[in-house]
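Read the structure below first, then the notes.
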Amino acid sequence: EAQVTQNPRYLITVTGKKLTVTCSQNMNHEYMSWYRQDPGLGLRQIYYSMNVEVTDKGDVPEGYKVSRKEKRNFPLILESPSPNQTSLYFCASSYRGARNEQFFGPGTRLTVL
Amino acid sequence: AQKVTQAQTEISVVEKEDVTLDCVYETRDTTYYLFWYKQPPSGELVFLIRRNSFDEQNEISGRYSWNFQKSTSSFNFTITASQVVDSAVYFCALSETGGGNKLTFGTGTQLKVEL
């Protein structure tokens, strides 16, 4: 089954404790991206990757890191999480090109205390 | 810069009513794509439709229809004879040819369909 998976689905952590949210897709998509969803703000792009070893900042990259060492994986790293990073996070993937539909993972709900 | 506005934060209707969700966009590109996604209470994002800027034909899929009007920069979504299962948050989104794959989302419209 074609899908984007994320782990964990739910995470409660404390300020400053490094964490990684994994994202994997099995559709051989070149493009992958991370979004965060906050009430009243919709989804905002954090980072994206057009291909292996190519990553770039989105609209709200502060406090996040990413890497793309393999085509299928695009982990999101929070080196020192803060309460303002409490949010619902989505990973997405697609073929390159603006016309292509993005496939979204199930979401990771992160709470930073 | 690209922007998507969904002015309706929340809409409540009674089952079987028709409802229209508004979406207005801003872009400087001549070639762009518009999308609608549905987010049911379970939280996942479900793709509904894509429209390119050169195709202004309205589209109908069952009870769903979409009205794309370039002259008013709008891409509205109508649900006919709404059902409780239509209750969800609906997002309109835009991607520009010159923007890679970036999707710019509106803030979403929460639709509640009650019996």
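Every number here is computed from the coordinates shown, using simple stated rules; none is lab data. Quick caveat: nothing in here was measured; it's all calculated off a predicted structure. Using ideal geometry, Cβ is built from the backbone for each residue, glycine included, and neighbour counts are taken over all protein chains shown.
Listed values, structure above:
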read-out: Förster radius 35 Å - calculated FRET efficiency between B:Ala1 and A:Ile77 (Cβ-Cβ, nearest 0.05); value: 0.80
read-out: Whichever lysines have a C-alpha closer than 22 Å to that of B:Lys38, once near sequence neighbours (fewer than 8 apart) are set aside; value: B:Lys3, B:Lys16, B:Lys102, B:Lys112
read-out: Between segment B:47-115 and segment A:14-47, the Cα center-to-center distance that results, in Å; value: 23
read-out: Global geometry of chain A, whether rounded, prolate or oblate, following the gyration tensor of its Cα atoms and the 1.5 cut on a/c; value: prolate
read-out: Contact order relative to length of chain A, as percent, for alpha carbon pairs under 8 angstrom and 6 or more apart; value: 36
read-out: Net charge contributed by nearby residues that have their C-beta within less than 11 Å of B:Lys38 (K/R +1, D/E -1); value: -2
read-out: Residue-count net charge about B:Lys3 - beta-carbon cut-off 12 Å; Lys, Arg +1, Asp, Glu -1; value: -2
read-out: Stokes-Einstein D in µm²/s, Kirkwood radius over Cα pairs - chain B at 20 °C with 1.002 mPa s viscosity; value: 150
read-out: Backbone HN-Hα couplings from phi across segment B:92-99 [Karplus 6.51/-1.76/1.60, Hz, Gly and Pro as x]; value: 9, 9, 10, 10, 9, 4, x, x
read-out: Three-way shape call for segment B:25-70 based on the alpha-carbon gyration tensor, with the a/c threshold at 1.5; value: oblate
read-out: Where N is the number of residues in the protein assembly as shown, Cα Rg divided by 2.2 N^0.38 Å; value: 1.02
read-out: At most 10 other Cβ within 10 Å, DSSP loop - trypsin sites (Lys or Arg not before Pro), segment B:7-115; value: B:Arg28
